[in-house]
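One structure is given here, and the rest of the page talks about it.
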């Protein structure tokens, strides 16, 4: 599917990278505006020009002293705007992708487009899960730091607690994000609301678990192969870091990173196409929601007269 419909992968790259560029620009502008609010006194400027680590750190601490409330307010506003922008843009992009996939796989494709309300609900849940995961990682840092006090330092225990919690948080986030991504295919195919899409995803996972796990495993392996390949390619510009200018090395690293993200976006579209094929392809099993009528079940009228004798009702020869 990735090679049969390459425009789907390009469209995925277009809307994802558009959001990424907008988010980076917004963060940079907000950071510059925040730095403009800081006041640098001549004494602090003198300490910075000494380039002594202790004096520079003291000057930076004095410059940023008292600016924590402004930084928190800026972070909250940025997170809110980015969450809203991602929810809207991701819903529009996913609706276009699902429409193209269903029109290709279904024999009688729907003429209507996807409803944005369930997609926006699912993408909002994905944003909330991500924010909670980041907050949980911050809590893991604090919990790991609490395990090692200045009086009784224990860096090994702190590192063990931190990495264990981060691995557990990452695993939970990955599973929830995958499940919400799977539920998005029902926003188009069934025109359900957000909670109904989640229920249909659970039903699909129960009935077609093997197919879903097989598709996810193969695309996950492809993702790992791409990651190792990009890591190998990334070693080339880093190997010439001492010979080439820093701008050339940074440009090479940025180019390799963009190539990796492009491959990941293509693989994501391929995995989504596999899920849509499992749900609506020619080999898909009809679910109860598709065959169950919406109204009362009409009575079944049989054309066979119940009073008429059939062969099984006739006595066998020789039977009294």
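Of the residues examined, residue 145 is one that is touching a helix residue (DSSP H, G or I) at 6+ places or on another chain (Cβ under 8 Å) and either over 18 Å from residue 23 (Cβ atoms) or modelled with pLDDT of 90 or more (or both).
Please indicate, with yes or no, whether at least one residue in the stretch 51-70 is touching a residue at least 40 places away in the same chain (Cβ under 8 Å) and surrounded by 17 or more Cβ atoms within 10 Å (Cβ to Cβ). No, the stretch 51-70 contains no residue that is touching a residue at least 40 places away in the same chain (Cβ under 8 Å) and surrounded by 17 or more Cβ atoms within 10 Å (Cβ to Cβ).
A Cβ distance below 7 Å, combined with a sequence gap of six or more or placement on separate chains, defines the contacts here; from the stretch 142-156, residues that are over 15 Å from residue 166 (Cα atoms) reach residues that are assigned to a helix (DSSP H, G or I) in the pairs 147/157; 147/158; 147/161; 148/155; 148/157; 148/158.
Results for (1) surrounded by 14 or more Cβ atoms within 10 Å (Cβ to Cβ); (2) in a loop (DSSP other than H, G, I, E, B); (3) at pLDDT 90 or above; (4) in the same structural domain as residue 162 (by TED's automatic domain parsing), shown as yes or no for each residue.
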| residue | (1), (2), (3), (4) |
| --- | --- |
| 88 | yes, no, yes, no |
| 93 | yes, no, no, no |
| 100 | yes, no, no, no |
| 104 | yes, no, no, no |
| 130 | yes, no, yes, yes |
| 133 | yes, no, yes, yes |
| 138 | no, no, yes, yes |
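Here's the yes/no breakdown for (1) at pLDDT below 75; (2) loosely packed, with under 14 Cβ neighbours inside 10 Å:
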| site | (1), (2) |
| --- | --- |
| 237 | yes, no |
| 249 | no, no |
| 257 | no, yes |
| 296 | yes, yes |
| 299 | yes, yes |
| 307 | yes, yes |
| 311 | yes, yes |
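Among the residues here, residue 39 qualifies as outside any helix (DSSP H, G or I) and loosely packed, with under 15 Cβ neighbours inside 10 Å.
Would you mind stating whether residue 63 is over 25 Å from residue 265 (Cα atoms), assigned to a helix (DSSP H, G or I) and modelled with pLDDT under 85? When the stated conditions are applied, residue 63 passes them.
The values are calculated or read from the model by the stated rules, or taken from the named source; none is laboratory data. If you're wondering where the values come from, they're calculated on a predicted model, not measured in any experiment. Don't worry about glycine lacking a Cβ; one is built from the backbone with ideal geometry, like all the others, and counts go over all protein chains shown.
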